[in-house]
Amino acid sequence: MNGTPVWAQLAYLLAAVCFILALKGLSSPRHARQGNLVGAVGAVIASVVVFFYAHLDHVVPILVAITVGAVVGAVGARRVQMTQMPQLVALFNGVGGGAAALVALLELGDVVGAPPAGFKLAATAFTILVGSVSFSGSLVTFAKLQELMTSRPVVFAGLPVAFGVALLGALLLAVLIVTNPAVWIGTVLAVVGLLLGVLLVLPVGGADVPIVISLLNAFTGLTVAAGGYVLGNTLLLVAGTLVGASGTFLTKLMAAAMGRSVVNILFGALKGGSTLGAGEASDRPVRSAAPEDVAILLGYAHRVIVVPGYGLAVAQAQHTLRELVDELGDRGIKVDYAIHPVAGRMPGHMNVLLAEAQVPYEQLKEMDDINSDFKQTDVVLVVGANDVVNPAAKTTPGAPIYGMPILDADEAQQIVFLKRSMRPGFAGIENELLFDPKTTLLFGDAKDTLGKLLSAVKGL
């Protein structure tokens, strides 16, 4: 930051500290809200300080762009439902990568004709390429989650060849930027990057899509860090590195939660190893019951574990569920929530959903902490979840989720599923636990069903 006043550098240092504290706060549901606010304060500081010391051109267009972006972001964040949060994250992530690529292209125009700067040109090429990949790849993940296109893997005969040729072409163009910088080469590199992003995400299906969102988030962070080097902005370098490192770490954790490698998640569909996405509803017979029957099971249990899933978010039934759990707790029944690392459509989805309903953090138990309790559990209440309790992950080597650690709900005395229909989970495969003699199904909208179940329990 040559030429930056000391006071501005101190302000940027404060913003960087805010980003670090925000990341620390977001690591726990208890402090996530505060962490988010601290990060927002850091972003405001970083954005405002530059107006007080730098001689900016086109100030009015910049302010207009900031205002439009702030309004769109605020309105969008308030209107988006919890079930659509992963799509919003994908869009935000894509916009970040695209912005970094555009800035790098503009900087490339300034570098042309200037004294050679090999590493800066390499960082510019990296930012253009990876930012473009993140932008187009994030748009495809958005389309898959929003069901604007099929959530199943999209594979065609020449996909591996097309991806390989595009990747090789991108590397050659990046080398050309370093050896013979030109804006047109950077533009072609951006177009090739857009193609690579699409080809990278198309083969990913079903429950693997959120993991790819996390990976693309790491890509965006790395592009912002590289862009910080290109611009000589230390704060961008720090912020991008934090996002890149945390995104990479989160991707590895999610892949481990699926019991697979990142490479298998990205390219597994080429050999039939991806989760499938949407599937057909089963017509096999199951045992179903009325809310009054399930209320008896719950009301006279000693230990109950609730397994929440994406269906809970769809029905917006978290408040009714909390009331039911509170009612059971008042009867002396021990109740906890079992949280699988990839439950929902993104990491922490269930934690955020239940925190919105003021569920005590002490009742939220991670998979590794609660799995040993299922054998001593009288009733497991599965609300809108499927794949995270599917025994196929342990018993069926050919299943796309085989090897994924799951919640051991099948070890409980009784299992109750709240489901809308017999459609499979996001992985696109049937759940044999639904047909287990210990399993009872309660069909209907989760919010409506839980309301009836709550009334029935109160009437015992």
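Condition first: in contact (Cβ under 8 Å) with a residue 24 or more places away in the chain and touching a Phe, Trp or Tyr at 6+ places or on another chain (Cβ under 9 Å). Can you find one or more residues in the range 58-73 that meet it? No, the conditions are met nowhere in the range 58-73. Taking every residue in the range 181-199 that is over 21 Å from Leu216 (Cα atoms) and pairing it with any residue that is open to solvent by less than 70 Å² (accessible area, probe 1.4 Å) and outside any helix (DSSP H, G or I), at least 6 positions away or on another chain, the pairs with Cβ-Cβ distances below 9 Å are Pro181/Val112; Pro181/Ala114; Ala182/Val112; Val183/Val112.
With respect to the conditions (1) more than 27 Å from Val352 (Cβ to Cβ); (2) at pLDDT 85 or above; (3) not charged (D, E, K, R), Gly272 lacks only one, and its number is (2). Counting residues in the range 204-221 that are farther than 16 Å from Thr124 by Cβ, at pLDDT below 90 and not in a helix (DSSP H, G or I) gives one or more. Taken together, Gln363, Gln358, Gln376 contain a single residue that is at positive phi and either of a type outside the set (Ser, Thr, Tyr) or at pLDDT 85 or above (or both), which is Gln358. Looking across the range 134-174 at every residue that is part of a loop (DSSP other than H, G, I, E, B) and of a type in the set (D, E, K, R), the one that is farthest from Leu105 (Cα to Cα) is identified as Arg152.
Residue count for the range 299-332, restricted to those that are of a type in the set (S, T, N, Q) and assigned to a helix (DSSP H, G or I): 2. Note on the range 42-61: residues that are open to solvent by 60 Å² or more (accessible area, probe 1.4 Å) and assigned to a helix (DSSP H, G or I) amount to 7.
Remark: pairs (first residue in the range 76-97, open to solvent by less than 30 Å² (accessible area, probe 1.4 Å); second residue of a type in the set (A, V, I, L, M, F, W, C) and outside any helix (DSSP H, G or I); Cβ separation under 8 Å; 6+ apart in sequence or on different chains) = Pro86/Met346; Gln87/Val80; Leu88/Val80.
Contact map, the range 243-266: residues that are within 9 Å of Ala218 (Cα to Cα) paired with residues that are β-branched (Val, Ile, Thr) and at pLDDT 85 or above, Cβ distance under 7 Å, separation 6+ or inter-chain. Pairs shown: Val243/Thr220; Val243/Val224.
Scan the range 56-107 for residues that are farther than 27 Å from Ser136 by Cβ and either under 15 Å from the mean Cα position of the chain (by Cα) or at pLDDT below 80 (or both) and the total you get is 2. Given the residues Leu106, Leu176, which is the only one that is in contact with a helix residue (DSSP H, G or I) (Cβ under 6 Å, 6 or more places away or on another chain), more than 29 Å from Ile211 (Cβ to Cβ), among the hydrophobic types (A, V, I, L, M, F, W, C) and open to solvent by 70 Å² or more (accessible area, probe 1.4 Å)? Answer to the selection: Leu176. Candidates are the residues of the range 315-334 that are under 18 Å from Glu356 (Cα atoms), surrounded by fewer than 20 Cβ atoms within 10 Å (Cβ to Cβ) and not polar (S, T, N, Q); the one that is nearest to the chain's Cα centre (by Cα) is His319.
The values are calculated or read from the model by the stated rules, or taken from the named source; none is laboratory data. Please read these numbers as outputs of a predicted model, since none were measured by experiment. Cβ sites come from the backbone with ideal geometry, for glycine too, and all protein chains shown count toward neighbours. Calculation scope for accessible area: heavy atoms of the full protein, side chains included, ligands and nucleic acids excluded. Shrake-Rupley method; radii C 1.70, N 1.55, O 1.52, S 1.80 Å.
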